[in-house]
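A quick write-up on the structure given underneath.
The values are calculated or read from the model by the stated rules, or taken from the named source; none is laboratory data. Everything numeric here is computed off the predicted structure, so don't read it as measured data. Here Cβ is always computed from backbone atoms with ideal geometry, including for glycine, and neighbour counts include all displayed protein chains. Heavy atoms of the whole protein, side chains included, go into the accessibility calculation; ligands, DNA and RNA do not. Shrake-Rupley method; radii C 1.70, N 1.55, O 1.52, S 1.80 Å.
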Amino acid sequence: MAEQQAPLNEDIQLDENQIMALRREKLHTIRQQGVAFPNDFRRDAFADDLHQKYDALSKEELDPQAIPVKVAGRMMLKRQMGKASFATIQDMSGKIQLYLNNKGVSQEVLDAFNHWDMGDIIGAEGVLFKTNHGELTVRVSDIRLLSKSLRPLPDKHKGLTDQETKYRQRYVDLIANEQSRDVFIKRSQIVQAIRSFMVSERYLEVETPMMHPIPGGAAAKPFITHHNALDMPLYLRIAPELYLKRLVVGGLERVFEINRNFRNEGMSVRHNPEFTMMEFYEAFSDYQRMMQMTEDVIRAAAKTVSGSLNVVYQGKEVDLASPFERLTILQAIKKFNPQYTDEQLNDEAWLKQEIVKLGEDLPHASGLGSLQLALFEGCAESKLWNPTFIVDYPVEVSPLARASDTKTGLTERFELFVVGRELANGYSELNDPEDQAARFKAQVEQKDAGDDEAMHYDADYIRAMEYGLPPTGGCGIGIDRLVMLLTDAPSIRDVILFPQMRPE
């Protein structure tokens with residue numbers, strides 16, 4: 001890989017192994033001279049803070065102040081100009097330039113510096129000044145090598161461009177690509193914005209188990225492990241829902257959890273085996289309130305990272321400012337497929353034929369509603385660009401949702417779709433323990449019939465409900481997909497620091 005160096009001439013023709021051999025020789029020399037990896041340098045300033053504070057000052061205003069600073073970071077650029085040398089170091093906040101000459105440091109220190117490489121981690125002490133070009137710079141009076149980099153960085157002009165390498169070696173991606181660092185900084189800000197909003201709504205943040213004796217709270221295939229001391233199987237959680245609702249039973253009437261879930265299913269640009277969600281539950285509430293909460297949470301996150309409610313995703317604007325549209329499954333189907341008639345959409349035989357024609361799998365659950373949902377997924381879901389709530393899902397595909405009092409066969413459930421993908425799922429919670437027990441039994445029958453994603457019967461959850469679950473609304477929002485939307489990321493792997501990969 002290309003790398004500009006001085007004394008040992010790490011020529012661009014050298015391959016990585018040769019460069020590493022040269023660097024190991026340098027490290028061996030450093031070891032002979034003393035402590036190779038010192039840990040007694042303490043910085044007192046970050047690069048971006050210095051730029052924020054002093055960039056506006058002119059050279060004539062700044063230089064006489066001789067402001068002392070101690071900075072540290074990874075050397076990203078190095079160039080020699082006669083008896084002087086310049087370097088750029090990068091810390092967690094940004095970059096700042098260093099200037100060394102034989103008047104500021106001893107010739108011995110300058111010689112040592114000239115043998116250091118891009119990627120080395122260094123600490124420098126000196127005073128701030130402005131170059132003739134107006135760049136904020138540290139005039140170095142002391143500089144130390146803190147950690148030797150044995151592997152060369154990607155070419156400074158090309159950067160790290162191979163997508164798979166970015167995912168496998170995220171540490172290199174973060175060093176080399178400012179855009180990647182920005183995505184994960186924004187991810188942190190999004191999570192913090194969500195947390196702050198929920199607390200402002202008087203929700204209590206809680207933590208529930210990640211290993212469950214019975215997988216529940218969603219229809220999904222679990223990962224299975226074994227607890228040796230208890231000699232029993234355990235399941236990595238597919239959702240925290242049933243535990244959070246146990247807390248509502250216990251009197252914690254507004255709870256939320258930002259949680260990792262694990263589902264032993266396929267992978268795609270929208271799916272990773274482990275992913276992050278925010279689930280929240282509110283007593284004396286319903287799915288209408290949950291839809292409004294979902295809108296408000298997403299807007300709070302968007303304002304934090306974008307400063308705007310009109311964001312651009314993959315070149316196309318997404319309107320987060322307007323009230324989110326609300327459609328039933330049939331309304332959404334007909335919006336994008338006006339050729340379908342009401343008679344066809346209520347004909348099970350026709351629906352099965354059309355679903356297969358669209359390349360979709362027929363649903364495991366029987367019933368007209370599950371067929372209509374499968375058709376929606378095949379012909380309308382991907383076309384929902386601006387935020388749209390699809391409401392009133394059929395009972396047979398909503399085993400934890402409260403049945404509608406006025407619409408036979410439907411539940412008070414919604415899913416939110418943005419840019420053609422699901423972003424949230426919520427409902428008025430089923431709080432009738434006898435109805436819930438019957439639905440669990442129906443799920444067990446589906447599992448016995450071959451549906452691996454159907455739910456188990458959770459007797460303890462039924463027992464909790466028998467103490468009395470208040471009328472409750474609940475919702476789960478996919479954090480990874482929300483970050484994708486707000487950072488314009490085409491793949492879920494772009495917003496997960498260490499996505500699951502096949503072995504190299």
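For the listed peptides 43-55, 381-393, a ranking on the average number of other beta carbons within 10 Å per residue, highest first, reads 381-393, 43-55. Projecting the Cα atoms of PRO503, PRO215, PHE414 onto the charge dipole of the chain, computed from C-beta unit charges around the Cα centre, puts PRO503 farthest toward the positive end.
Adding -39500 (n - 2.57) for every DSSP H run of four residues or longer, then dividing by how many residues the chain holds, sets the calculated 222 nm ellipticity at -10000 deg cm²/dmol. Distances between placed amide hydrogens fall under 5 Å for LYS70 paired with ASP44, ALA45, all partners being 5 or more residues away or on another chain. Pairs over the 32 Å Cα-Cα cut-off, from the set LYS26/LYS53; LYS156/LYS186; LYS357/LYS407; LYS26/LYS70; LYS53/LYS186: LYS26/LYS53. Note on ARG326: accessible area is roughly 90 Å² with a 1.4 Å probe, heavy atoms of protein only.
Model label points for HIS271 and ARG79, set 7 angstrom from Cα along the Cα-to-Cβ axis, are 5.0 nm apart. Rounded to the nearest 20 debye, the dipole size of the chain about its Cα centre is 1940 debye, using +1 on the Cβ of Lys and Arg and -1 on the Cβ of Asp and Glu.
Where in the chain are the DSSP H helices whose C-alpha atoms run 24 Å or more along the long axis and whose mean Kyte hydropathy is at least 1.0? Passing helices, by number: none. Split the accessible area of the range 109-243 by element, probe 1.4 Å, and carbon with sulfur accounts for 51%.
Using the Karplus relation 6.51 cos²θ - 1.76 cosθ + 1.60 with θ = phi - 60°, the per-residue 3J(HN,Hα) values for the range 393-403 come to 7, x, 4, 5, 10, 9, x, 10, 9, 6, 5 Hz, with x marking Gly and Pro. Of the residues PRO387, ALA332, GLY359, the one whose Cα sits farthest toward the positive end of the charge dipole of the range 278-433, with +1 on the Cβ of Lys and Arg and -1 on the Cβ of Asp and Glu, is PRO387.
Note on ASP432 and VAL199: the model spin-label points, each 7 Å out from Cα along the C-beta direction, lie 4.0 nm apart.
Roughly speaking, what is the centre-to-centre gap between the range 328-366 and the range 101-150 when only Cα atoms are used, to the nearest Å? The two parts, judged by their Cα centres, are 68 Å apart.
Positive end of the dipole of the chain (Cβ unit charges, origin at the Cα centre): among GLN90, LEU230, PRO68, the Cα lying farthest that way belongs to PRO68.
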